[in-house]
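Written out below as structure tokens is the structure these notes cover.
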Amino acid sequence: MKYTEPMLRQGALKGKTIIVTGGGSGLGKSMTKYFLELGAKVVITSRNMEKLQKAADALQQETGGEVLPLACDVRDYAQVEQVLQDSIAHFGQVNGLVNNAAGNFISPTERLSASAFDVIIDIVLKGSKNMTLALGKYWIENKIKPATVLNIVTTYAWTGSAYVVPSATAKAGVLAMTRSLAVEWAKYGIRFNAIAPGPFPTKGAWDRLLPGDLKDKFDPAKKIPLKRLGEHQELANLAAYLMSDFAAYVNGEVVTIDGGEWLYGAGEFNQLDKIPNEMWDMLAQMIKKNK
Ligand code: HXC
Ligand code: NAP
């Protein structure tokens, strides 16, 4: 058994229809692929229909599953409602939502225009709110249950992070929404969870967050205790579990999958791992002598 292998049993998502925002690229596409392999029907959305259609064709061919690509800017509530109507018309009903669409770039905050800050808040926080509200109203009104929402956040949703402040602000809001609605809408049979990934190589994130030779200068694997980046299948495994009925009692949780990255940044003495083994004997002697 390896962590790069599919984890759940065949048919684990059979009978479910899931909307994955930003499902035409990166992690959204990888999660969609695995959901399809597990028997789900998937609606993928983003702003770029050409990209979505290409992804849908490839995914259908690879998995034999059913994918519906729909263009939708998550910032626009009317477009979000249209996606829901089109999904119901095509598949009969919708049972799951993965809020995965995001926008992000690195910048000193004082260099951002007001609209640059807004664009990230609007995609991440307002977009997740739009999708969640539309789907939630539909589930509650039509008594469709169980239903599940999975929000893709980041570990800096709770630590904060310099240079990605609009993203950190928005993801913190999404996390608060996850935990709040996990309680409020549990009575309707709707579960809410989140995943906080560490670095998983994708073109979207890498080109914007580690442009040019920043990739080499700030090799993200170096600050991960497990000394490697994430593999898409391991994130897809976790997402599929949380979307499945196997996770029926998991509600309001945020699962970190980052090889220990954020805790490494948080522990006051963690940088002592730079001290070579031979030096520890010497340090121990010095400390004892000072007693
Ligand atoms: C400063 C910038 C900027 C930059 C855009 N702007 N890029 N400001 N630095 N690098 C400003 C523009 O000047 C403009 O302000 C405003 O932002 C809107 O820009 P547009 O290009 O008009 O917006 P739009 O086309 O909607 O594009 C949104 C985007 C873009 C966020 C700017 O990057 C995008 O489409 N991203 C989607 C994919 C993505 O970002 N994926 C990464 C997710 S990774 P003015 O004032 O001129 O109007 C992620 C991982 C986190 O979240 C954790 C990793 C470990
Ligand atoms: P990505 O491929 O760039 O994914 C972002 C997706 O969002 C794209 O498909 C994009 O498609 C879509 N999108 C952007 N703006 C949109 C809008 N206004 N309306 C609808 N869709 C929109 O990057 P990724 O790395 O896979 O990121 C996926 C998720 O994982 C994000 O939530 C990100 O914050 C999170 N994450 C990633 C990492 C990582 O290391 N990769 C780490 C932590 C968290 P269009 O451009 O076609 O609209």
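A few comments on the model shown:
- Using alpha-carbon coordinates, inclination of helix 49-63 to the longest axis of the chain, degrees: 90 degrees
- Calculated diffusion of the chain, Stokes-Einstein form, Kirkwood radius summed over Cα pairs, 10 °C and 1.306 mPa s, µm²/s: 79 µm²/s
- About the Cα centre, charge dipole magnitude for the stretch 78-154 (Lys/Arg +1, Asp/Glu -1 at Cβ), debye: 240 debye
- Considering the stretch 203-291, its Cα convex hull presents a mean projected area of 10.0 nm².
- Angle of helix 77-91 to the longest C-alpha principal axis of the chain, folded into 0 to 90 degrees and rounded to 10: 60°.
- Surface share of carbon and sulfur [accessible, 1.4 angstrom probe, percent] for the stretch 45-120: 47 percent
- For the stretch 192-291, a crude dipole built from +1 on the beta carbon of Lys and Arg and -1 on the beta carbon of Asp and Glu, taken about the Cα centre, is about 460 debye to the nearest 20.
- VAL183-ASN290 FRET efficiency (beta carbon distance; Förster radius 45 Å; 0.05 resolution): 0.30
- Rounded to the nearest whole angstrom, the semi-axes of the ellipsoid equivalent to the stretch 152-227, taken from the Cα gyration tensor as √(5λ), stand at 30, 13, 11, largest first.
- Each peptide in 31-37, 196-202 receives the mean, over its residues, of other Cβ atoms within 10 Å, and ordering these scores from highest gives 31-37, 196-202.
- Given +1 at the Cβ of Lys and Arg, -1 at the Cβ of Asp and Glu and no other charges, the dipole of the chain around its Cα centre is 460 debye to the nearest 20.
- Other residues lying with their Cβ under 13 Å from the Cβ of ALA182 contribute a combined charge of +1, Lys and Arg counting +1, Asp and Glu -1.
- Pairs of alpha carbons in the stretch 26-94 whose separation is greater than 20 Å (percent): 25 percent
- Solvent-accessible area per residue, Å², over the stretch 164-291 with all protein chains present [probe radius 1.4 Å]: 58 Å²
- Summed over all non-identical Cα pairs, the Kirkwood treatment of the stretch 100-216 gives a radius of 15.3 Å.
- Taking every lysine pair in the stretch 112-200 that is 8 or more places apart or spans two chains, those with Cα atoms closer than 17 Å amount to 8.
- Cα gyration tensor shape for the stretch 17-147, rounded if a/c is under 1.5, else prolate or oblate: oblate
- Rg to Rh quotient for the stretch 138-269, alpha carbon positions, Kirkwood Rh: 1.02
- Taking the centroid of alpha carbons for each part, the stretch 198-247 and the stretch 259-291 are 27 Å apart.
- C-alpha long axis of helix 26-37 to longest principal axis of the chain, angle in °: 60 degrees
- Within the stretch 43-67, backbone nitrogen closer than 19 Å to the virtual label 7 Å beyond the Cα of ASP76 toward Cβ: 44-53
- Difference of contour (0.36 nm per residue) and Cα-Cα distance, THR159 to ASP213: 16.8 nm
The values are calculated or read from the model by the stated rules, or taken from the named source; none is laboratory data. Nothing here was measured: the structure is a model prediction, and the numbers come from that model. In this analysis, Cβ positions are derived from the backbone assuming ideal geometry, glycine residues included, and neighbour counts consider all displayed protein chains. Just the protein is used for accessible areas: all its heavy atoms, side chains included, with ligands, DNA and RNA removed. Shrake-Rupley method; radii C 1.70, N 1.55, O 1.52, S 1.80 Å.
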